[in-house]
Amino acid sequence: MKPEFNLSARSPWLDPARDAAPRGPRRRWWIGLAFASLLACFALVATTGQLRAYVPGPYSVSVPLTFKVYDPTRWAIMNAGDYEDALKLDPTLPDPGSVGWADATATPGVDPATLRQEAFVGPPAKPYVFRGVTALDRERAHYCLTSAIYYEAASESDDGMRGVAQVIVNRARHPSFPNTICGVVFQGSQRAGVCQFTFSCDGAMARAPSRDNWLRASRIAAAALGGYVFPGVGLATHYHTQAIWPRWGKSLVMTNIVGAHIFHRWRGRWGMPDAFRAPYLGREPVPGPYLPVAQQLAILKGQGAAPTGLLPEGSGTLAPLPNVAPAPTPQAMAQGERAIGTPVATPAAPAKTYADPRLNQSGQVREEYNKSGEWIR
């Protein structure tokens, strides 16, 4: 009989995919690795004591303690009635009179209200004394700061004035603003409508200041230039009245509300104490406003053009200027040939004349009509 062909050969050459041995670890190896990892994690947590909170019942802890031998002499000294009795037991005790208790001062208690205010306002500014190069520079700085305090917060309390002064001082120490007092106060007054402080371009300086409030603003300005820091506003560089809320208010951090003004400081790095490091130049420019009020109003109405350039800076003699002296009033301190803050005086227009001489007599009352309008008795 003819034999049949056997097609179920198990030769790797005929069926290598079925009979080839698998490569890599098997499933049992991966299961063992996972079980070993879990066991190691459990042992690590158990050694740190984190499982004690989940173990029911009390647990005990062994702490090594070392006790000293009981000393009846030391115990008797500690329970002695006075120093003489204790000295009889131990002649080597120091004399209490040798300690200078009078030199020791107790730490004053911290006011909770002060802590809340510091947490809300932020860190205060660092003290800084503004010393001008010359007496004229110091006088200009005193005048400019006094003017800003008066025209911005003349009707407020002393703290309200101190807040305005602190903002100007903070700006003079910040690299984002001019590094002079007059430069900060009258910044932008050379152009119409861009004044940093509105009093320098809205005609407010044309009004003569009252003596009492001007002297009060002068004293506060002298103290601020001498290094006094008002912590009520912190590192504020902006403020506005409570009647408005400008668009830039959302981009700053509010520090406090003092009087009628809301104070703000920069966000981030520019609002930190390290940012207020700009040195004071000591050379004060000529006080402004650098553009007369009448010309500013004309520019806002579209009736004039803004001039180019600023007034030149100057300096005076090296004579000392006391800080206690009041700042001069705008009418007393001259800028050029006009009083500071007042519009440029325009010459009076000549009277009109008419060709007919009878028209030139307008405004005169004839004799027969001189007593018109009076009651006849």
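Worth a mention:
- Shape class for segment 117-188, computed from the alpha carbon gyration tensor (a ≥ b ≥ c): oblate, with a/c not under 1.5 and a/b at or below b/c.
- Taking all protein chains together and rolling a 1.4 Å probe, Y128 ends up with roughly 60 Å² accessible.
- Accessible surface of M254 - all protein chains present, 1.4 Å probe, nearest 10 Å²: 70 Å²
- Chain lengthening between K250 and R207 when straightened (0.36 nm per residue, less Cα-Cα): 12.1 nm
The values are calculated or read from the model by the stated rules, or taken from the named source; none is laboratory data. Just so you know, these numbers come straight off a predicted model, no measurement behind them. Accessible surface is based on the protein model in full, side chains and every heavy atom, while ligands, DNA and RNA are left aside. Shrake-Rupley method; radii C 1.70, N 1.55, O 1.52, S 1.80 Å.
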